[in-house]
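Got a structure for you, written out below as structure tokens; questions coming shortly.
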């Protein structure tokens, strides 16, 4: 018997009246089986508790947590978000006053372009510079929602427009720098895009 089994035997034996202690017989297999069942139940309860505390994507959508009001939002209300984004993007891209876009032959260009595509676009000012759908071209606004397939831009006319990423090429200005971002390479959720290994997609305006 292992030390644990010996401890159980001594404990149980002490509970028996002295003249019957010789008849005590401990079966190690039974002890192992009881311990295993108990541990399994504990893990099962933990899994159920963890699962019950997380919303599935279907539940998330059913509660309307991935939608925005189309008429109640004002452009001015999104400006504070844009101001926060300007500070964030300078920190993310490590931009200093007067900084310029690295040239294509610059060793920093590849890493800079990767970081640009990984940006969280919530709060950025974007403009559709090219699209397969001509009616989308020249639409602009502050990005208030970034999903896997679309961007929602709030325009100066206070209208919220849904722009499909894969159909468009976007222009974005950061300080004195302007960028072209191909929407087809943004077709991934922002949280996943920020950690995904991305190839070189971005080119500055010429």
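Taken together, the values in this text are just the output of simple stated rules run on the coordinates, not laboratory data. Predicted model only: the values in this text are computed from it and were never measured. Cβ atoms come from the backbone with ideal geometry, glycine included; neighbour counts cover every protein chain shown.
When 179, 170, 11 are ordered from fewest to most other Cβ atoms inside 10 Å of their Cβ, what list results?
Starting with the residue having the fewest Cβ neighbours, the order is 11, 179, 170.
Using the count of nearby Cβ atoms within 10 Å as a rough guide to exposure, how do 168, 133 rank from fewest to most?
Sorted ascending by nearby Cβ count, the order is 133, 168.
Fewest to most neighbouring Cβ within 10 Å: what's the order for 124, 166, 56?
With the sparsest Cβ surroundings first, the list reads 56, 166, 124.
Please give the length that would be gained between residue 81 and residue 133 if that part of the chain were fully extended, namely 0.36 nm times their separation in residues minus their C-alpha to C-alpha distance (nm, one decimal). Don't skip to the end; give the middle numbers.
On the way: separation 52, 0.36 × 52 = 18.72 nm, distance 2.85 nm.
Full-extension gain reported as 15.9 nm.
Answer rounded, prolate or oblate for region 124-186, using the Cα gyration tensor with square roots of eigenvalues a ≥ b ≥ c: rounded when a/c is under 1.5, else prolate when a/b is larger than b/c, else oblate.
Verdict is rounded for region 124-186.
Grab the beta carbon distance between residue 120 and residue 167, set R0 = 25 Å, and tell me the FRET efficiency rounded to 0.05.
Between residue 120 and residue 167 the formula returns 0.70.
While we're looking at this one, here's another question. By per-residue mean of other Cβ atoms within 10 Å, what is the highest-first order of 136-142, 115-121, 81-87?
Order by mean packing, descending: 115-121, 136-142, 81-87.
I would also like to ask the following. Just the Kirkwood number for region 49-184, please: inverse of mean 1/r across all distinct Cα pairs, in Å, one decimal. Write out the running numbers ahead of the final one.
Working: mean 1/r = 0.0605 Å⁻¹.
By the Kirkwood definition, the hydrodynamic radius is 16.5 Å.
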